[in-house]
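Derivation of every value follows stated rules applied to the coordinates shown; laboratory data play no part. Quick caveat: nothing in here was measured; it's all calculated off a predicted structure. Positions of Cβ are backbone-derived with ideal geometry, glycine not excepted, and every protein chain shown enters the neighbour counts.
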Amino acid sequence: MNQQGIDILPVEWVKEVINIVAERLVVVDRKGIIRYMDSAYCDFLNITPMDAIGKHVDQVIENTRMHIVANTGIPELSSVQPIKGSEMIANRYPLYVNNELVGAAGTVIFRNPQEWLDYSSKIQPLLDELQYYKRKFEKEHKSKYRFSDLAGNNPRFVEAKQLAERGSHSQSSILLIGESGTGKELFAHSIHQNSTRAHYPFIRVNCASIPENLLESELFGYDEGAFTGAKRGGKKGKFELGHMGTVFLDEIGDMPLLMQSKLLRVLQEKEIERVGGQSPKAVDVRIIAATHRNLEEMVHEGKFRQDLYYRLNVLKVEIPPLRERREDILPIAYILLKKLEKKFNRQGIYLSNSAEITLEKHSWPGNIRELENVLERAINVLDGREICLEHLPLYLRDLEEAEAGYPPSLSDKLDQEKSIQPLKEIMAAVEKAALAKAIKLADGNKQKAAKMLGIGKTSFYDKCKLYNIN
Ligand SMILES: Nc1ncnc2c1ncn2[C@@H]1O[C@H](COP(=O)(O)OP(=O)(O)OP(=O)(O)O)[C@@H](O)[C@H]1O
Ligand SMILES: [Mg+2]
C-alpha cells in the first residue's frame with residue numbers, strides 16, 4: 001500500500017495487463033523450467049497453461065534458447081526463431097530480481113504483417129471447421145434431458161428418480177426396467193447428464209432395431225478389410241465412440257445370445273476387439289441398459305445370460321407404468337401440453353372436465369408416449385383452446401372399454417353408425433389391427449411379422465411405436 005492508501009496492482013491485474021500488452025510471453029526460471037506462459041502464447045501453441053507450467057522450456061517451444069539466456073544472463077534481441085512453420089522474431093531478456101539472476105522472460109512476434117495475415121487466413125478456416133464439427137458432435141452425442149425434466153410426484157416414481165440420481169455419480173452399470181413409453185430413455189439421458197461423464201459422449205444403441213449380423217460391427221467397429229464392403233480405414237463402433245462417456249443399450253432384452261457373451265467380455269475386460277481387428281483396444285464406458293422385458297424370466301428360460309444379467313443389474317431402477325401412478329396423469333398431461341403448444345405455436349390449451357376424467361380413467365398401455373400421442377392428435381383436430389371428448393381418439397371415448405384398457409374391436413367400430421370417423425382414423429385402426437395380428441401369427445417374431453405384411457423392418461418398428469404395440 002502507498003501513502004495514499006492505494007493497493008499496488010493485484011496479481012490478477014498484472015496477468016491481464018501482460019495479456020493485453022505482450023502478444024506472446026513466456027517466463028522461465030534459472031533451470032529453464034516454465035513458470036508462466038500467457039494465454040496468447042498458449043493459444044499459438046495450442047496448449048493450456050497447465051500443459052506448459054513446470055515443464056522444461058525446450059519440451060514445449062521449438063528452437064527455444066530461453067534456458068540459455070536464463071543461464072548466461074545475456075539478452076538476445078530480434079533473433080529469428082522458427083515455430084510451427086512460421087518464422088518468429090524472438091526477444092529474450094534475462095530476469096534480475098534484487099540484482100540476482102532468477103530466470104528469463106521472452107516474447108515472440110510474427111516477422112511481418114504479411115506473415116501474420118497468411119497465418120490467420122490459413123488457420124481461421126481450420127478453426128471454423130473444427131468449431132463446426134465440435135458443435136455437430138456435441139449435438140449428436142449429447143444427452144438431451146436432465147432429472148428436472150422427469151415429471152411426477154407418485155412416491156414410487158420419486159423413489160426411482162432418486163435412486164437413479166444417486167446412482168448417476170457412480171461408475172456402476174444401471175438397469176432401467178419399465179414398460180414401453182414410461183421414460184426409460186429420459187432416465188438414461190438424465191443419469192448421463194448428472195454424471196462425471198456429462199462432457200463426454202452419450203451413445204444410444206437400440207439392440208432391437210439393428211439386424212443381428214450387423215450388431216457386432218455396430219457395437220465394436222471393424223478394421224479395414226474385415227469383410228467385403230468394409231470402409232477404408234475401418235469404422236469405430238459405438239463403444240469406441242462412447243469412450244469416457246456412457247453407452248445406453250436400449251432394448252437389451254432383444255440382444256441375441258452370442259452378442260450377450262461378447263458384451264459380457266467388454267464389461268469384464270474393459271476392452272473391445274474390432275471385427276477383423278488384430279489386437280484389443282481399451283475402452284472406458286459406463287453402461288446403462290434398458291428393457292421392457294422381464295429379464296429374470298428370460299434368464300430362467302435360457303434366453304438371457306445370467307452372468308450378464310448380474311453384471312448389468314448392479315443398480316436396478318424400476319419405472320412404474322402410468323396406470324399405477326394415476327395422480328401423475330393430469331400434471332404430466334399439462335406439461336406435455338405446454339411442450340406441444342410450443343411445437344404447434346399455440347397458446348392456452350386446456351382439458352375439459354370430461355376429457356380430464358377420461359384421461360385419468362384410461363389404463364395407458366403405451367404410457368407417457370401414448371398420452372403424448374393422444375394430446376398431439378387432439379391439438380391437430382382442435383379449433384379453439386378446450387380439448388373435449390370429441391378431440392380424443394375413439395378408443396378413449398368409450399368409457400367401458402377404456403376401463404378395461406383396450407381399444408374396441410374393429411368390427412364394432414365399423415358396425416356402429418354413430419362411430420363413423422374420419423377416414424384417417426379408420427385406416428389407422430385397420431393398420432394397428434393388422435400389425436397386432438401379424439405379430440401374433442409370427443409368434444412375436446417382428447422380423448417375420450414385417451415380412452408377412454410386406455413392409456420393411458424400419459417402417460414396421462415405426463408403426464409399432466406409433467400404435468404402442470410391443
Ligand atoms: N416423467 C416424464 N415427464 C415428462 N415426460 C416424460 C416422462 N417420461 C417420459 N416422458 C415422455 O414420454 C415419451 C416416452 O419416453 P421414453 O422414450 O423415454 O420412453 P421409453 O421408456 O424409452 O419407451 P420405449 O420402451 O417405447 O422406448 C417421451 O417423449 C418423453 O419425453
Ligand atoms: Mg426407449
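The figures follow:
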read-out	value
Efficiency of FRET from Cβ geometry, Asn345 and Lys144, R₀ 22 Å, rounded to 0.05	0.55
Once the Cα gyration tensor of the stretch 11-110 is diagonalised, semi-axes √(5λ) in Å	18, 16, 13
Directionally averaged projected area (convex hull, Cα atoms, the stretch 322-408), nm²	5.0 nm²
Sorted largest first, extent of the chain alpha carbons per principal axis (Å)	102, 63, 43
C-alpha long axis of helix 11-21 to longest principal axis of the chain, angle in °	80 degrees
Around Ser195: net Lys/Arg minus Asp/Glu count, Cβ-Cβ under 12 Å	+3
The stretch 16-67 and the stretch 208-278: distance between their alpha carbon centers, rounded to Å	43 Å
Estimated [θ] at 222 nm from DSSP helical runs (n ≥ 4, -39500 (n - 2.57)) normalised by residues in the chain, nearest 500	-13500 deg cm²/dmol
Links that overshoot a 29 Å alpha carbon limit, given the list Lys184/Lys457; Lys303/Lys424; Lys134/Lys231; Lys235/Lys463	Lys303/Lys424; Lys235/Lys463
In degrees, nearest ten, helix 423-441 long axis to first principal axis of the chain (Cα)	90 degrees
Qualifying trypsin sites (Lys or Arg not before Pro) in the stretch 1-89, DSSP loop, other Cβ atoms within 10 Å at most 12	Lys31, Lys84
Furthest towards positive pole of dipole, Ile319, Val374, Val69, structure part the chain, Cβ charges	Val69
Helix 457-466 axis, angle to the chain major axis (alpha carbon atoms, nearest 10°)	70 degrees
log10 of Debye I(q)/I(0), alpha-carbon scatterers only, for the stretch 294-363 at 0.18, 0.20 Å⁻¹	-0.77, -0.84
Mean projected area (nm²) of the alpha-carbon convex hull when the stretch 415-470 is viewed from all directions	4.3 nm²
Dipole magnitude of the chain, debye to nearest 20 (Cβ charges: Lys/Arg +1, Asp/Glu -1, about Cα centre)	700 debye
